[in-house]
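To keep things clear, I will list the structure first and then write my remarks on it.
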Amino acid sequence: MDQNRLYYGTPYVKSFMCTVLSCTPSKKGTWEAVFDQTGFYPEGGGQPYDTGTINGISVLSVHERAGEIVHELAEPIEAGIRAEGIIDWNRRYDLMQQHTGEHILSGLVHRHFGYDNVGFHMGADEVTIDFNGVLTQEQLEMLEDEANEIVYANVPVKVLYPLDEELKNLEYRSKKELTGQVRIVEIPGADVCACCGTHVECTGEVGIIKTRTMIHYKGGVRISMLCGRLALLDYRNRLKDEIRISNFLSAKVAQVPEAVEKLKQESQQKDGHIGEMWRQIFQLKLAVCPESHGPEEFFEEGMEPLQLRQFATLLYEQNKGRITGVFSGNDEAGLYQYALGSSQADMRTLSKAMNDRLEGRGGGSMMMAQGTLKGTREEIRLVFLEEAGKL
């Protein structure tokens, strides 16, 4: 073990004294400093770097480079002086809780199903783990229960530095072939894994292990999870959201799913009624539109893309225009939505021509194209008639 890496010997170090060996400017306009010893953990193994201060100067990031721990500083610090490093302990401890919780869950997945952890990332909002095998929701809940039993048991988290002969006879998880001194993190009953990260001393400190989502990913699954304080904050925020929703729905929190389902059904019924009303409106409009063999434009108020498309289709199907253009918007905003329909001309060509001339966006198929255009009603009308007349 490197005695100068204090985060290994004393992972609970919150502050430390060191000598500044060097400080040089970086290409980013910040400064890079190396100390004779450090408590700041460098990014690696899926665990983010520590932050904090050194003599009051912000430590922005920490990385290992050519065997040295390089600290990115917001300001320069004089080489040769003694300095005090102070670690952002809340951030460090959150990461320790997440990392130990991840080991517990990954170890149990490997133990029960033989799957390997092939991807691991500690993000700002969640921890994600990728496994090279598929799990069911029931299996995940079983694993979550067992993982929390390990937490409740409050067993010690052991850090070992086995000799070569000992390592040969030791079964442990590792994502790659390792050389040199191997650091092993063992959690009795859950996991034995090669790891360079920081961990809590006993599993009880993890607090809770809570899985959040599971999706199929690259032939296996990706699981998101949170542990400890971050899991508590996540639950608190989710409960606040659920209470807000329950207030909107005038329903008890426990009845929110049923209230949402009822609201969805009512919304679908309303959509059906609105759709029927639009169909009646379309029929009334069609009844007063004469047949036409040329391009015909229609400017309508309050139509959404679905209604634009439906109306344009009915118009050309009932011979109210060889090419029909339906537009909805206003000159004040200078923006109109459009639907172009025809069974006799390529609407992709017309849509592209109009988009090019009127800063438009959109497209579609040969018979129907939709999008938006910038301009006034008269500008759009003239461009439509001109371009449609070419087809």
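Values in this text are rule-based calculations from the coordinates and carry no lab data. Everything numeric in this text was worked out from a predicted model, so none of it was measured. Every residue, glycine as well, gets a Cβ built from its backbone with ideal geometry; the counts of neighbours run over all protein chains shown.
Couple of notes before you dig in:
- Kyte-Doolittle mean at least -1.0, axial Cα span of 30 Å or more - DSSP H helices of the chain: 89-113, 228-249, 256-287
- Karplus-based coupling profile of the range 190-196, in residue order and whole Hz: 9, 7, 9, 8, 6, 7, 10, with θ = phi - 60° in 6.51 cos²θ - 1.76 cosθ + 1.60 and x standing for Gly or Pro.
- Alpha-carbon Rg/Rh ratio, for the range 161-241, with Rh computed the Kirkwood way: 1.08
- Label zone at Leu335 (point 7 Å along Cα-to-Cβ), backbone N below 13 Å, the range 372-388: 372-375
- Unit Cα scatterers, Debye sum, the range 93-236: log10 I(q)/I(0) for q = 0.16 Å⁻¹: -0.81
- Between Gly123, Met225, Leu163, the Cα set farthest toward the positive side of the dipole of the range 105-251 (charges on each charged residue's Cβ, about the Cα centre) is that of Gly123.
- Based on the convex hull around the alpha carbon atoms, the range 164-294 presents an average projected area of 18.7 nm².
- Dipole of the chain computed with +1 at Lys/Arg Cβ and -1 at Asp/Glu Cβ about the Cα centre; of Leu391, Gln310, Thr19, farthest Cα towards the positive end is Leu391.
- Normalised by residue number, the volume inside the convex hull of the Cα atoms of the range 6-87 is 88 Å³ per residue.
- With contacts taken as Cα pairs under 8 Å at a separation of at least 6 residues, the range 13-124 carries a relative contact order of 28 percent.
- The chain - convex hull of the alpha-carbon atoms, volume per residue in Å³: 239
- For the chain, adding -39500 (n - 2.57) for each run of n ≥ 4 DSSP H residues and dividing by the number of residues yields -12000 deg cm²/dmol at 222 nm.
- The range 289-388: translational diffusion in µm²/s, Stokes-Einstein, Kirkwood Rh over Cα pairs, 25 °C, 0.890 mPa s: 191
- Residues in the range 336-351 that a label on Glu359 would reach, taking backbone N under 12 Å of a point 7 Å out along Cα→Cβ: 336
- Greater than 24 Å apart at Cα, pairs in Lys352/Lys390; Lys240/Lys264; Lys270/Lys320; Lys240/Lys270; Lys270/Lys374: Lys270/Lys320; Lys240/Lys270; Lys270/Lys374
- Proximity of backbone amide H atoms, modeled 1.01 Å from N, is registered between Gly363 and Gln370 at under 5 Å, excluding neighbours fewer than 5 places apart on the same chain.
- Amide H contacts of Gly52 (H built 1.01 Å from N, in plane; Pro and chain starts excluded): Val59, Asp88 sit under 5 Å, all sequence-distant by 5 or more or on other chains.
- Each of Asn154 and His112 was given a label point 7 Å from its Cα along the Cα-to-Cβ line. The distance between the two points is 2.5 nm.
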